[in-house]
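Student: My structure is below; once you've seen it, I'll send some questions.
The values are calculated or read from the model by the stated rules, or taken from the named source; none is laboratory data. Computed from a prediction, not measured in an experiment: that's the story for all the values here. With ideal geometry, Cβ positions are generated from the backbone for all residues, glycine too; neighbour counts draw on all protein chains shown.
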Amino acid sequence: MPENQPLSPDSGPVMDPSFSNPVAYQLHLSFQASQALQQEAQAALAAHQQAAESYNQALEQPDFSPFVSLPSGTETKDLANGERLFVLPDGAFLQTTPATHFLFVDQTGVPYQLSEIAGFVSLPDGRRFELVASARGSHTLDWIEGLPASVQPVQVDDGRFRLVFPNELRLEVSVPDRTAVVIDPNGSVLVLGKELKAYADQLTINLLQNGGRGFAATRAGHRGFVEQNGDILLSLATGEDLVIHFPSASDGPSDLGTTSRFYSCGVPV
C-alpha cells in the first residue's frame with residue numbers, strides 16, 4: 001500500500017504502533033472487550049441487587065396508610081367497603097370511615113369517634129398517630145363543615161364555641177342564639193344570624209327567593225348566606241367555605257351545648 005494512500009472503511013482496525021506483533025494486538029483488543037462486558041455485567045448486577053433490596057424493604061414495611069406509622073405488631077385489614085381496619089397490639093381497633101372521622105374501639109369494646117387535629121389522631125389513652133400529608137385536610141363535625149385540619153371548636157360556655165384560624169381570624173358560634181360572629185384581624189366584626197350586622201365594615205344584604213339572605217362584607221371580603229332555617233353558609237376571604245348547622249326545634253334542648261354532640265373527639269359515640 002502506498003505510504004500516503006488513505007485507508008478505506010473496510011481496511012480493518014489500525015494497529016497501535018506500540019504493538020509490533022499483530023497477534024498480541026488482537027489479544028489486547030479481546031481483553032479490552034472482555035473488561036467492558038464485565039463492567040457492564042457488574043453494573044447490571046448492582047442495579048438488580050439494589051432493586052431487590054428496595055422491594056424487600058417495601059415488603060418488610062407494613063402499609064399503614066393513611067397513618068405514617070403504627071405500633072409494631074399492628075395488623076392491617078382491607079375491608080370490602082374500601083376502608084381499612086387496624087388491630088393494634090393491645091387488641092384495640094382503629095378504623096377509617098367514609099366520613100372524615102376515625103372509629104376507635106378500646107380493649108373493653110367501648111367505641112369512640114375521633115377527628116383529626118393538626119394532622120394527628122389522638123386516642124383517648126393519650127397515644128397520637130400522625131396522618132400522611134395526603135390524608136390531611138378539612139374535616140366535618142356534627143354541626144360545622146369545611147374546617148381546616150388545624151382548627152377545632154373550643155367550648156367556652158354552654159352551647160357556645162370559639163374557633164381560631166391560623167391567620168388569627170376568630171369565629172364565635174352560639175348554638176342557642178343560632179348566631180355566628182366573625183372577628184377579623186383587621187378589626188371588622190360581622191354578626192350573622194336572625195339579624196345581620198357589621199361593625200367597622202359595610203355589609204351588603206340581598207334577599208333570596210327561598211327566604212334566605214345573602215351578605216357580603218366590603219372591607220373584610222367575607223360573604224355567604226343565612227338560610228331560612230338559620231343555617232349559615234360562610235365563605236371566608238382566606239378561601240375556607242364553612243357550613244354551620246343549627247339543630248332544629250324538634251331536636252330538643254338536650255342537644256344544645258352538649259360536648260358529646262358537638263365535639264366528639266375522645267367522647268364515646
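Student: Against the condition farther than 28 Å from P148 by Cβ and either in contact with an Asp or Glu (Cβ under 8 Å, 6 or more places away or on another chain) or not in a strand (DSSP E or B) (or both), how does Q107 come out, does it pass?
Tutor: Values: farther than 28 Å from P148 by Cβ: yes; either in contact with an Asp or Glu (Cβ under 8 Å, 6 or more places away or on another chain) or not in a strand (DSSP E or B) (or both): yes.
Against the criterion (farther than 28 Å from P148 by Cβ and either in contact with an Asp or Glu (Cβ under 8 Å, 6 or more places away or on another chain) or not in a strand (DSSP E or B) (or both)), Q107 qualifies.
Student: Right, D78: modelled with pLDDT under 70 and of a type in the set (D, E) or not?
Tutor: Working: modelled with pLDDT under 70: no; of a type in the set (D, E): yes.
Spelling it out, it is not the case that D78 is modelled with pLDDT under 70 and of a type in the set (D, E).
Student: Does at least one position in segment 160-177 carry a residue that is assigned to a loop (DSSP other than H, G, I, E, B), within 30 Å of V68 (Cβ to Cβ) and either among the acidic types (D, E) or free of Cβ contacts under 8 Å to residues at least 24 places away in the same chain (or both)?
Tutor: Here is the first cut: in segment 160-177, the residues assigned to a loop (DSSP other than H, G, I, E, B) are 165-169, 175-177.
When the remaining residues are screened for being within 30 Å of V68 (Cβ to Cβ), the result is 165-169.
Subset that is either among the acidic types (D, E) or free of Cβ contacts under 8 Å to residues at least 24 places away in the same chain (or both): 166, 168.
Scanning segment 160-177, I find at least one residue that is assigned to a loop (DSSP other than H, G, I, E, B), within 30 Å of V68 (Cβ to Cβ) and either among the acidic types (D, E) or free of Cβ contacts under 8 Å to residues at least 24 places away in the same chain (or both), so the answer is yes.
Student: Let me ask something else. For a quick check of your reading of the model, give me the residue pairs whose first member lies in segment 140-152 and is among the β-branched types (V, I, T), whose second is at pLDDT 80 or above and in a loop (DSSP other than H, G, I, E, B), with beta-carbon atoms closer than 9 Å and at least 6 apart or on different chains.
Tutor: Partner pairs satisfying both residue conditions: T140/G146; I144/P153; I144/H245; V151/F165; V151/P166; V151/E240.
Student: So, one more: Scan segment 184-201 for residues that are over 32 Å from the mean Cα position of the chain (by Cα) and buried (at least 19 other Cβ atoms within 10 Å of the Cβ) and jot them down.
Tutor: If the condition is that a residue be over 32 Å from the mean Cα position of the chain (by Cα) and buried (at least 19 other Cβ atoms within 10 Å of the Cβ), then A198, D201 are the ones that fit.
Student: Could you identify the single residue in L190, L169 that is in the same structural domain as L236 (by TED's automatic domain parsing), within 19 Å of L242 (Cα to Cα) and at pLDDT 95 or above? Spell out the reasoning first.
Tutor: Details: L169 fails: at pLDDT 95 or above.
Just one listed residue meets the conditions, L190.
Student: Whether any residue in segment 256-266 is at pLDDT 85 or above and either surrounded by fewer than 16 Cβ atoms within 10 Å (Cβ to Cβ) or part of a strand (DSSP E or B) (or both) is what I want to check. Spell out the reasoning first.
Tutor: Narrowing segment 256-266 to residues at pLDDT 85 or above: none.
No: zero hits.
Residue-wise test of (1) at positive phi; (2) modelled with pLDDT under 95.
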| site | (1), (2) |
| --- | --- |
| L141 | no, yes |
| Q155 | no, yes |
| G159 | yes, yes |
| Y199 | no, no |
